[in-house]
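A.B. asks: Here you go, one structure.
The values are calculated or read from the model by the stated rules, or taken from the named source; none is laboratory data. Since this is a predicted model, take the numbers as computed values, not measurements. Note: ideal-geometry Cβ built from the backbone for every residue, glycine included; neighbour counts use all protein chains shown. Just so you know, the surface numbers come from the protein's heavy atoms only, side chains and all, with ligands and any DNA or RNA stripped out. Shrake-Rupley method; radii C 1.70, N 1.55, O 1.52, S 1.80 Å.
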Amino acid sequence: MQATLESYEPIVGRQAIDELRFLAQRLQGRSVLHVNSTAVGGGVAEILNRLVPLMNELGIAARWEVIRGGDAFFQVTKKFHNALHGQPASLSLQDYRAYLETNTQNLKTLSLDADVLFIHDPQPAALIKARPQKGRWWVWRCHIDVSSPHAGVWGFLKKMIELYDATIFSAPQFAQRLATRQFLVAPSIDPLSEKNRELSEETIQPIMRKLNVPLDLPLVTQISRFDRLKDPMGVIEAFRLVRKATPCRLLLAGGSASDDPEGAQVLQEVRDRAQGDDDILILELPPNSPTEINAIQRASTVIVQKSIREGFGLTVSEALWKGKPVVASAVGGIPLQIAHKYSGLLCRSVEGAAFAVKQCLNNPAFAKRLGENGREQVRQNFLLTRHLKEYLLLMAALEHPEDVILL
Amino acid sequence: MAEPFRFYTRLTLKETTGLRAISLPQLLKFLRTVPGSVIYHHTHHYLQQHQYLTPEPPNDFAYWVSDILGDKELGERLVSIDTISFPSLRALRERFIETIEEHLRKRPRLRFRWVEPEQAFHFIRAVSVIFPTPYEAVNLAEFARGLVAVTIDSLYYHIFEARLRLEHGSNDFSLWFKSLGEEALAQTVARLDPYTHTMEELRQSILRMIGRRLKEAGIS
């Protein structure tokens, strides 16, 4: 069931909800359209699913459209995605043509009538061709890190992106210099979603039993897909350093790797590395397991995110929201979520991760304080209501180019 | 008869300028030319982001210089720049520039110290959106009720933004108390150092002061 704005009040406070209403009152009559490339799965769809109804509740007529494309199109946009992350890419003229043709096809079927259009990520970026007939303000919302992209792909996209009125990036270090305004809006988590809502011990315990995760020892957990960039091997090494002096158990939980050949290989390597060690548990979770993830996080003593590379790394906020001490690599958007020794611990090596985990296990009072500060940090900065507020502010900023806007 | 006090609020959106510095000379160069809204962001956003914690030194320049570039001495001098003593962002900016210039004269080799690109200082601008709340007061008791109901963003607007960015001369609360003839209250509130309290503590301090004043006047 869709949560209403009111249901966020116990979490963010009456005043914050009122403020959203006062702001929205100043923006009445505007219509908004979000366009992305997937209706289910992935962080963008997860957020839009919640954000669009809340905008409507605030009196902003908001819609969400999804572009359609064939396999060829999505293969090209997958290549775009990797190339924008800086990986080598080879794209043919045909690839670029397939991309543009799909966008042109979508222009025929999508209804783009709205005052403000938020176009998410590269897949639908070429819809900007509909301008100036459609839409008043066009905003390109980039959810990925384009700080060191493949020059050819970025050059191709940049020409389109600079036709937009504004862009949004998740963090300044993910952005590029562009001839258009670049706003900064961090992503968010929904505290009422199945993955983040409060769970009672009566709910958590049976789930952990069902997953065969005993809780007789402190539990150190990393939840992420089996991917080298998430460094599961490094987590095992760190765990082994910790366990020399402090009894504990490691849980590596991630999505099933059955349809991902590389993931399956990493999973096998992880199993080999952990073989014969009863204190290392490896769990393949079914694709849609938000309650299980929630329960695992809440049952953990320390949560680790030892990524080698990361986008914004919103899983860190999910863990912090459970009030847990988090040990995470200082990469991507993670340092924006964790102030070292304040709302979590940052690390840069296996040894550093091990030391930080030990600190948390051996000093429960310190760990508790990190967890509490971490939860507050998320409450202030990374919840859906803040995200919603910034989208509304952006609408005001589009109409007023000045630095101080009186609505 | 004084005008009623209307509580406004102000929310901020961040906009990156695309400018970044990896050395002190670069930091200095951009400090001289960026808009005031950039100086405002880097000296004030801490107050809001970490408002639930004991306030941090409210400027990013100090943090970057001491923790990223690794010059603790200059970092300390930048931390101790007393934001509240400057009447305008221009004056505040000048002090940052002078402090860095002076330090570079003393330690010229620091010019050649730089950080990795991913540790660059990013210059960010604060876009402020100001709008009225429904809360209005014609006397101190109503004012106290309004102060309880508004968000810390409203306090932030009337205390920081009004004084430094909009150059109203003092904080809006003190200006209004003065117009009510409440000189002593106006002065006490103006003397509060908002940079060494969290916003919530600030709200409570002001409420206590108003409470005392109402008690003195026999209104409770």
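A.B. asks: Considering each of A:203, A:221 in turn, give the residue that is assigned to a strand (DSSP E or B), closer than 24 Å to residue A:287 by Cα, modelled with pLDDT of 95 or more and among the hydroxyl-bearing types (Ser, Thr, Tyr).
C.D. replies: Numbers: A:203 fails: assigned to a strand (DSSP E or B).
That would be A:221, the only listed residue that is assigned to a strand (DSSP E or B), closer than 24 Å to residue A:287 by Cα, modelled with pLDDT of 95 or more and among the hydroxyl-bearing types (Ser, Thr, Tyr).
A.B. asks: Kindly establish whether residue B:167 is within 13 Å of another protein chain (Cβ to nearest Cβ) and either more than 16 Å from residue B:4 (Cβ to Cβ) or without any contact (Cβ under 8 Å) to a residue 40 or more places away in the chain (or both).
C.D. replies: Details: within 13 Å of another protein chain (Cβ to nearest Cβ): yes; either more than 16 Å from residue B:4 (Cβ to Cβ) or without any contact (Cβ under 8 Å) to a residue 40 or more places away in the chain (or both): yes.
For residue B:167, the condition - within 13 Å of another protein chain (Cβ to nearest Cβ) and either more than 16 Å from residue B:4 (Cβ to Cβ) or without any contact (Cβ under 8 Å) to a residue 40 or more places away in the chain (or both) - is met.
A.B. asks: Which residues, taken from the stretch B:143-184, are of a type in the set (D, E, K, R) and out of contact with any Phe, Trp or Tyr (no Cβ under 6 Å at 6 or more places or on another chain)? Let's see the steps before the verdict.
C.D. replies: Residues of the stretch B:143-184 that are of a type in the set (D, E, K, R), as a first pass: B:145, B:153, B:161, B:163, B:165, B:167, B:172, B:178, B:182-183.
Listed by number, the residues that qualify are B:145, B:153, B:161, B:163, B:167, B:172, B:178, B:182, B:183.
A.B. asks: Could you give every pair whose Cβ atoms fall below 6 Å, whose first residue belongs to the stretch A:395-407 and is more than 19 Å from residue B:35 (Cβ to Cβ) and more than 7 Å from every other protein chain (Cβ to nearest Cβ), and whose second residue is open to solvent by less than 20 Å² (accessible area, probe 1.4 Å) and in a strand (DSSP E or B), counting only separations of at least 6 or pairs across chains?
C.D. replies: A:395/A:116
A.B. asks: Kindly establish whether residue A:269 is touching a strand residue (DSSP E or B) at 6+ places or on another chain (Cβ under 7 Å) and more than 22 Å from residue A:359 (Cβ to Cβ).
C.D. replies: Working: touching a strand residue (DSSP E or B) at 6+ places or on another chain (Cβ under 7 Å): no; more than 22 Å from residue A:359 (Cβ to Cβ): yes.
In short, no.
A.B. asks: Right, here's the next one. Could you look through the stretch A:155-189, keep only residues that are in a strand (DSSP E or B) and within 13 Å of another protein chain (Cβ to nearest Cβ), and pick out the one that is nearest to residue A:378 (Cα to Cα)?
C.D. replies: Quick first cut of the stretch A:155-189, residues in a strand (DSSP E or B) only: A:166-169, A:181-184, A:189.
From the residues that got through so far, the ones that are within 13 Å of another protein chain (Cβ to nearest Cβ) too are A:166-169, A:181-184.
On the way: A:166: 27, A:167: 24, A:168: 20, A:169: 19, A:181: 27, A:182: 23, A:183: 20, A:184: 17 Å.
Here the answer is A:184.
A.B. asks: Restricting attention to the stretch A:112-135, which residues are out of contact with any strand residue (DSSP E or B) (no Cβ under 7 Å at 6 or more places or on another chain), without any contact (Cβ under 8 Å) to a residue 60 or more places away in the chain and in a loop (DSSP other than H, G, I, E, B)?
C.D. replies: A:122, A:132, A:133, A:134, listed by residue number.
A.B. asks: Checking the condition more than 14 Å from every other protein chain (Cβ to nearest Cβ) and open to solvent by 10 Å² or more (accessible area, probe 1.4 Å), which residue from B:125, B:145, B:95 passes?
C.D. replies: Working: B:125 fails: more than 14 Å from every other protein chain (Cβ to nearest Cβ); B:145 fails: more than 14 Å from every other protein chain (Cβ to nearest Cβ).
After ruling out the rest, the residue left standing is B:95.
A.B. asks: State yes or no: is residue A:95 modelled with pLDDT of 90 or more and touching a strand residue (DSSP E or B) at 6+ places or on another chain (Cβ under 7 Å)? Break it down into steps so the answer makes sense when it comes.
C.D. replies: Working: modelled with pLDDT of 90 or more: yes; touching a strand residue (DSSP E or B) at 6+ places or on another chain (Cβ under 7 Å): no.
In short, no.
A.B. asks: Sticking with this structure for a sec: Which one of these does residue A:389 not meet: (1) more than 11 Å from chain B (Cβ to nearest Cβ); (2) modelled with pLDDT of 95 or more?
C.D. replies: Of the numbered conditions (1) more than 11 Å from chain B (Cβ to nearest Cβ); (2) modelled with pLDDT of 95 or more, the odd one out for residue A:389 is (1).
A.B. asks: Also, quick follow-up: Among the residues of the stretch A:5-20, what is the count of those that are at pLDDT below 95, surrounded by fewer than 17 Cβ atoms within 10 Å (Cβ to Cβ) and not in a loop (DSSP other than H, G, I, E, B)?
C.D. replies: Here the count works out to 1.
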